[in-house]
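Please read the structure below before turning to the comments.
The values are calculated or read from the model by the stated rules, or taken from the named source; none is laboratory data. Since the model is a prediction, treat every value here as computed from it, not as a measurement. So basically every Cβ, Gly included, is an ideal-geometry build from the backbone, and we count neighbours across all protein chains shown.
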Amino acid sequence: MTFRIGQKVVCVDDFWEAPPAADHLIRPQKDQVYTVRDLAPGWISSNGPAIRLEEIINRKTLWQKSGFCELAFKTSRFRPLVERKTDISIFTAMLTPSPKYVKVKMLTQDERR
């Protein structure tokens, strides 16, 4: 799955086995919405593409395989946010008065006099 900068995403997997040295890092929380800040397509150790998030900024850390950089999160842990356009037509219809139905009795000629 490909993502783009500025795209809203939802975290679907927040399980992460971090080395003790990474306990200080902020990580995404499951079911939370985030904004893609940066793409890291050639992520280290063949774990696939990764993203960085607007809402989470960690300080750069020295990693054994990738060197000194900010943590990026696997794209497989996210899904795009599906934004539905709001349709308020049902609510505006509730504000429109409905026609009143009145029972009408046909009068005979004698009743009309």
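Tabulated values for the structure
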| read-out | value |
| --- | --- |
| Within segment 71-89, tally of residues that are exposed (fewer than 15 other Cβ atoms within 10 Å of the Cβ) and without any contact (Cβ under 8 Å) to a residue 60 or more places away in the chain | 7 |
| Residue in segment 74-95 that is part of a helix (DSSP H, G or I), more than 23 Å from D14 (Cα to Cα), hydroxyl-bearing (S, T, Y) and at pLDDT 75 or above present | yes |
| Residue, farthest from Q32 (Cα to Cα), within segment 57-113, restricted to residues that are in contact with a Ser or Thr (Cβ under 9 Å, 6 or more places away or on another chain) and hydroxyl-bearing (S, T, Y) | S66 |
| Residue ID - nearest to F3 (Cα to Cα), chosen from residues in segment 67-113 that are among the acidic types (D, E) and touching a strand residue (DSSP E or B) at 6+ places or on another chain (Cβ under 9 Å) | E83 |
| Checking L71 against (1) modelled with pLDDT of 80 or more; (2) of a type in the set (A, V, I, L, M, F, W, C); (3) touching a Cys at 6+ places or on another chain (Cβ under 9 Å), the condition it does not meet | (3) |
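Here is a yes/no grid of residues against (1) modelled with pLDDT of 90 or more; (2) out of contact with any strand residue (DSSP E or B) (no Cβ under 8 Å at 6 or more places or on another chain); (3) in a loop (DSSP other than H, G, I, E, B); (4) under 12 Å from L71 (Cβ atoms):
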position: M1; (1), (2), (3), (4): no, no, yes, no
position: R4; (1), (2), (3), (4): yes, no, yes, no
position: V9; (1), (2), (3), (4): yes, no, no, no
position: W16; (1), (2), (3), (4): no, yes, yes, yes
position: H24; (1), (2), (3), (4): no, yes, yes, yes
position: D38; (1), (2), (3), (4): yes, no, no, yes
